[in-house]
Amino acid sequence: MKKRRHAKILELINSHDIETQEELAAKLVENGFNVTQATISRDIRELNLTKIATKGGKQKYAVQSS
């Protein structure tokens, strides 16, 4: 389940400008994943996600380059 959820998170952040953990959780719920804020926070750390600036001056999640 964790691998599927991680794959879905990567798919979502690559196809949507997701700015908050709440937005990410909502997208996951829409896709059939029952998640808590703690799970989202842990997944963000495990996937090495960071926030980057968008053209509109906002921020979104992205995979951190090493």
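Which count do you get for residues in the stretch 25-66 that are small (G, A, S) and within 15 Å of K2 (Cα to Cα)?
Here is the first cut: in the stretch 25-66, the residues small (G, A, S) are 25-26, 32, 38, 41, 53, 56-57, 62, 65-66.
With the extra rule that they be within 15 Å of K2 (Cα to Cα), the set shrinks to 25, 32, 38, 41.
Qualifying residue count, the stretch 25-66: 4.
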request  = Go through the stretch 33-52 residue by residue and tally those that are open to solvent by 30 Å² or more (accessible area, probe 1.4 Å) and assigned to a strand (DSSP E or B).
outcome  = 3
message = Considering only the stretch 7-18, I want to know if a residue exists there that is hydroxyl-bearing (S, T, Y) and within 9 Å of the chain's Cα centre (by Cα).
response = no
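Inside the stretch 10-26, can you point out the residues that are open to solvent by 40 Å² or more (accessible area, probe 1.4 Å), in a helix (DSSP H, G or I), in contact (Cβ under 8 Å) with a residue 40 or more places away in the chain and within 14 Å of I52 (Cα to Cα)?
Within the stretch 10-26, the subset open to solvent by 40 Å² or more (accessible area, probe 1.4 Å) is 10-11, 14-17, 19-23, 26.
From the residues that got through so far, the ones that are in a helix (DSSP H, G or I) too are 10-11, 14-15, 21-23, 26.
Right, trim to in contact (Cβ under 8 Å) with a residue 40 or more places away in the chain and you get 10.
Across the stretch 10-26, there are no qualifying residues.
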query = Does any residue in the stretch 27-54 that is touching a residue at least 40 places away in the same chain (Cβ under 8 Å) come within less than 7 Å, Cβ to Cβ, of a residue that is in a loop (DSSP other than H, G, I, E, B) and open to solvent by less than 80 Å² (accessible area, probe 1.4 Å) six or more places away or on a different chain, and which pairs are these?
reply = none
message = Here is a check on your reading of the model: is K55 of a type outside the set (A, V, I, L, M), assigned to a loop (DSSP other than H, G, I, E, B), loosely packed, with under 14 Cβ neighbours inside 10 Å and out of contact with any Pro (no Cβ under 8 Å at 6 or more places or on another chain)?
response = yes
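The values are calculated or read from the model by the stated rules, or taken from the named source; none is laboratory data. Owing to the predicted nature of the structure, the values given are computational and were not obtained by experimental measurement. Here the Cβ is made from the backbone with ideal geometry for all residues, glycine too, and neighbour counts use every protein chain on show. Heads up: the accessible areas ignore ligands, DNA and RNA and are worked out on the full protein's heavy atoms, side chains in. Shrake-Rupley method; radii C 1.70, N 1.55, O 1.52, S 1.80 Å.
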